[in-house]
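Throughout, read-outs are computed from the coordinates displayed, never taken from laboratory work. Nothing here was measured: the structure is a model prediction, and the numbers come from that model. No Cβ is skipped: glycine too gets one built from the backbone with ideal geometry, and neighbour counts run over all protein chains shown.
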Amino acid sequence: MSDAVLRVKDLQTQFQTRVGVLKAVDGVSFEVGRGRILGLVGESGSGKSVTGYSILGLIEPPGRIAGGEVLLNGKDLTRLKGEAMRQVRGAQIAMVFQDPMMTLNPVLKIGTQMIAAVRAHDKVSRKVARARARDALAKVGIPSPEERLDAYPHQLSGGMRQRVAIAIALLHSPAVIIADEPTTALDVSIQGQILAEVRRLADETGTAFVWVTHDLAVVSSLADDICVMYAGRVVETGPAADVIASPRHPYTAGLLASVPAEHEPGTKLPQVPGSTPSLANLPPGCAFAPRCAKAGPACTTTPPVQHFEDGRTALCHYPIEPVSCQPLSLTSTTYQSAS
Amino acid sequence: MPAALLDIDHVSKRFVKRPNLGERIAGLLGAGRKAETVRAVTDVSLTVAKGEVVGLVGESGCGKSTLGRMIAGIYTPSDGKIVFDKGPVARQQGRRTQKLTTRVQMIHQDPFASLNPRIRIGDTVAEGPVAHNIVKAREADTYVADLLGRVGLDPSYRRRFPHQFSGGQRQRIAIARALAMKPDLLVLDEPVASLDVSIQAQVLNLFMDLRQDLDLTGIFISHDLGVVRHVSDRVAIMYLGRIVELAPTSELYAEPNHPYTRALFESVPRIGVGKKSFRPIAGEIPSPLHPPSGCHFHPRCPFAGPRCRRETPPLTAIGPGRFSACHLNTGGTD
């Protein structure tokens, strides 16, 4: 992809702790194109959130970005300091957090917060800023946006607050929005509304999204591309539909297979044995090897990035062979196991 | 159908938010607020047979956890009664009810909050059975070791504290604690919601094994339709305090009847169904403080008519073992 607006190259984020240096993000690379949605998937401790924070320069001591580049339209964000980064953050790249109750100031009206966000980057009158805030609220599907500007956060439901958070991120039409588990705290029917809205925004405004989540079903129905992380490393990338139809990395396959909706009710779920390793105590070579059914003698050495057709990659010595037939029909209500 | 183990008969639960002192004084001066009532559960009836697992599904505020807590005897119903094995479930007072309540055990959502961080997990598991004379204090140690083995933990871990375990392991400890009471009925309130996907599968497999080995009856509360489908024999869909649909699992998922159930299924993103294929439900979940008139779902329902605003549809049989609360099944919405 040559038209990537965000290109992350070999990103390294480390935390200095009493037990040593923890490599929370260890050589992560990916790209997102204009109007595309990248699903950054992983379980707790996989480094997916830290990756998002690193892109926006939100890592604070004892953490630091130890290496790599974050190129936003060709400009390396990791080299920007203080005020220069502040100019970029919120204007060209923005973030939506998991809990909309924590991100909005409870004692200020929605309008006040949004006007401040507009005027942080653009020297416009309050009147113009208010009009832009109202337009942004309308864009994310909030009914009667003019009245909502005068509401306090507690007067809105969780779903509405998350829409406001997305509207604030959209105020300056950023090239990229990083969203960190933005629908995890919401009910399924409200999550569905937000996902439909985000998909529409990406298509209409050309904003690229990095959607950080643990939920494969969300990624499957929302994202164009997928990037699976495990213990700080990217283990598999590729177009979302392809990766889900035919995963090449054993970890991705294990994750997909353990989702209950894909199996005959009451049957045993194929489970990934063991639990996520501590970053302080990673096994040598492939971090997934101790839990992997396909692990072999080579797995004690660092696995190579294997490249496949359609730009897919997997970080594995023994990648899974692709499924030959087309296993998923898009209209059928019965699913086959993805593994 | 075998004899009912649990019989929930027209149960309601109201929580009253009483005015505080300041508001009472303001009330005397003619400016205060009246007591507000949340109808968490309204007129729910459900029987559960021995050995059956019933899933309770719904979004936040639908009353599924409140119902679970009433079954476990933590809350007392405001109206109606819950009968467990021919005896009423009541507040945990007196010998008889105490004996009864040990046979219903609850597993909570957050294993980080449900285990006492300052007590060794072996003591946590042993406390209940020793207090209720299920085992003698000096045999408790082997009893606990046995149970830990059963839930897939190394028995030597019993001297450890909760912080030394991961989320999945803690949930196993919580399950061991519930099993220690030799329960007949388990109430599981979102037992896997806080776990990672790969760990979630491990805990679900454990639950299904235990269910088979011990002939357990279960109430499985979850918002996750996939998880509930996998473990339940029957599923009750709840919306704002009422059961709107109740059916055997396979039939419910093959052919949902109630408009809310259908909308819920369509709005859930699923793996492999492809992009943009889900259709979200319009509108917000109303507050249980001020539920809509008639059918609670009517403001969001594409089929709603004038009758839905006037009349609350009762849960009526629409087939063998199938119930739905919708006017569409009983003469239309006009």
In nanometres, the difference between 0.36 nm per residue of separation and the alpha-carbon distance of residue A:152 and residue A:119 is 9.9 nm
In what sequence, highest mean first, do B:211-221, A:73-83, A:8-18, A:162-172 appear when ranked by Cβ atoms within 10 angstrom? A:162-172, B:211-221, A:8-18, A:73-83
Residue A:280 to residue A:29: FRET efficiency via 1/(1 + (r/R0)^6), r the Cβ-Cβ distance, R0 22 Å, to the nearest 0.05? 0.35
If I take the Cα coordinates of chain A and project them onto the principal axes, what are the three extents in Å, biggest first? 66, 47, 38
Where the Cα atoms of the range A:1-120 are projected onto their three principal axes, how long is each span, largest first, in whole Å? 43, 41, 30
In whole Å, how far is the Cα centre of the range B:39-54 from that of the range A:48-107? 48
Sequence neighbours fewer than 8 away in the same chain don't count; with that in mind, list the lysines whose C-alpha is under 24 Å from residue A:294. A:268
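Partner chain Cβ atoms within 10 Å, averaged over the residues of A:267-274 - can you pull that number for me?
Numbers: counts 3, 5, 9, 3, 10, 6, 2, 4.
Mean shielding by partner chains, rounded to a whole number: 5.
Can you give the FRET efficiency to the nearest 0.05 for residue B:43 and residue B:74, using r as the Cβ-Cβ distance and R₀ = 22 Å? Intermediate results must be reported in sequence, preceding the final value.
Details: r = 20 Å, r/R0 = 0.92.
Result of the calculation: an efficiency of 0.65.
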Listed residue pairs exceeding 21 Å between alpha carbons, taken from A:75/A:123; B:86/B:182; A:9/A:81; A:75/A:139; A:23/A:48; A:48/B:64: A:75/A:123; A:75/A:139; A:48/B:64
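Summarise the long-distance tail of P(r) for chain B by giving the % of C-alpha pairs beyond 39 Å. Each step should come with its number before you reach the end.
Values: 11136 of 55611 pairs.
Of all Cα-Cα pairs in chain B, 20 percent lie more than 39 Å apart.
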Hull surface divided by four, with the convex hull built on the Cα atoms of the range B:168-284: how many nm²? 8.6
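If we sort A:310-319, B:314-323, A:207-216 on the protection proxy, mean other Cβ atoms within 10 Å, highest first, what's the order?
Details: A:310-319: 19.8, B:314-323: 14.5, A:207-216: 24.0.
So the peptides A:310-319, B:314-323, A:207-216, ranked by packing, come out A:207-216, A:310-319, B:314-323.
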Other protein chain Cβ atoms within 10 Å, averaged over every residue that makes up B:207-214: 1
In whole Å, what is the distance between the alpha-carbon centres of the range A:124-171 and the range B:314-334? 41
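Say R0 is 25 Å: what FRET efficiency, to the nearest 0.05, do residue B:23 and residue A:107 get from their beta-carbon distance?
Values: r = 22 Å, r/R0 = 0.87.
For R0 = 25 Å, the calculated efficiency reads 0.70.
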So for the pair residue B:60, residue A:69, with labels modelled 7 Å out along Cα→Cβ, what separation do we get in nm? 4.3
Label-point separation in nm, residue A:321 to residue A:293, each point 7 Å along Cα→Cβ: 1.6
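When you count, for each residue, the other Cβ atoms within 10 Å and take the mean per peptide, how do A:237-244, A:264-271 rank with the highest first?
Working: A:237-244: 21.9, A:264-271: 15.4.
Highest to lowest by the protection proxy: A:237-244, A:264-271.
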Tell me, rounded to the nearest percent, the portion of alpha carbon pairs in the range A:102-171 spaced more than 17 Å apart. 30
Once you average over the residues of A:195-203, how many Cβ atoms of partner chains fall within 10 Å of each Cβ? 2
Checking the cross-link filter: which lysines have an alpha carbon closer than 17 Å to that of residue A:127, excluding same-chain neighbours under 8 positions apart? A:109
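Write down, largest first, the equivalent ellipsoid semi-axes of the protein assembly as shown in whole Å, where each equals the square root of 5 times an eigenvalue of the alpha-carbon gyration tensor. Numbers along the way, then the final one.
Working: eigenvalues 333, 233, 130 Å².
Semi-axes from the Cα gyration tensor: 41, 34, 25 Å.
What does the C-alpha gyration tensor say about the overall shape of the range B:137-216? Classify as rounded when a/c is under 1.5, otherwise prolate if a/b is larger than b/c, or oblate.
Oblate shape, in that a/c is at least 1.5 and b/c is the bigger or equal ratio.
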How large is the convex hull of the Cα atoms of the range A:138-264 per residue, expressed in Å³ as a whole number? 130
For chain B, give the share of DSSP beta bridges that are antiparallel, in percent and rounded to the nearest 5; count only bridges with both residues there. 60
